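What follows is calculated from the coordinates using simple rules that are stated; it is not laboratory data. Predicted, not measured: the structure shown is a model, and the values here were computed from it. All Cβ positions, even for glycine, are placed from backbone atoms using ideal geometry, and neighbour counts span all protein chains on display.
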Amino acid sequence: MVLSDLEIIERVRSQRMIEPFIERQVREGVVSYGLSSYGYDFRVANEFKVFTNAYGRIIDPKDFDPKAFVDIQSDDFCIVPPNSFALARTIEYFRIPRDVITICLGKSSYARCGIVLNVTPFEPEWEGYATLEISNTTPLPARIYANEGIGQVLFLRASQECSISYADRKGKYQAQQGIVLPKV
């Protein structure tokens, strides 16, 4: 069952599920963020890792080379080059209850511009800032607005708690604090 806006508010208050938490949808002059009917529109922080081929690196999830990207920090926006990719993180810190799993989706305002957001589900008892994977599928540079909405998370409540949570498994991305690179 999907959590409603009222259930999300109750969970945020009792379990600190999202911090900071915006209890209403913010829309004026920005890509929207905050509480929605059955989910939460999260924001992208102002730090990005934009992939570059300047050093001729190979992307390898088992041996990730930090020289494959450049670090960009901007309170306004980040430009993702054509047919390129960037990593970022959420402003919000999430604490997922043991009886909840999430589905994360990109916002349509970006999708309509050829920007694809990939965020894996937040498993029961995972917590941290989510690392965001942003793809610019267009032949043009794309602007990603820092501190504004970029995706939505839907919270699915199970009929019973899971037997083994992400925390129980000591998941490798537990309590991540920034943009976290691939781990094996």
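Taking the Cβ of Gly106 as the center, what net charge do the other residues with Cβ under 11 Å away carry, scoring Lys and Arg +1 and Asp and Glu -1?
Residues close to Gly106 contribute a combined charge of 0.
Determine the relative contact order of segment 1-116: mean sequence separation of Cα pairs under 8 Å and six or more apart, normalised by residue count, in whole percent.
Contact order relative to length: 27 percent.
Describe numerically, in nm with one decimal, the distance between label points set 7 Å from Cα along Cα→Cβ at Ser109 and at Ser37.
That separation, rounded to one decimal, is 1.9 nm.
With everything on Cα atoms, drop me the angle between helix 5-15 and the longest principal axis of the chain, reported from 0 to 90° to the nearest 10.
90 degrees
At Ser159 and Asp60, where each label point lies 7 Å from the Cα along Cα→Cβ, what is the point-to-point distance in nanometres?
My value for the distance between the label points is 4.7 nm.
Using per-residue counts of other Cβ atoms within 10 Å, averaged over each peptide, order 85-93, 64-72 from highest down.
Top of the packing list down: 85-93, 64-72.
Can you give me the C-alpha center-to-center distance between segment 80-144 and segment 20-59, rounded to a whole angstrom?
7 Å
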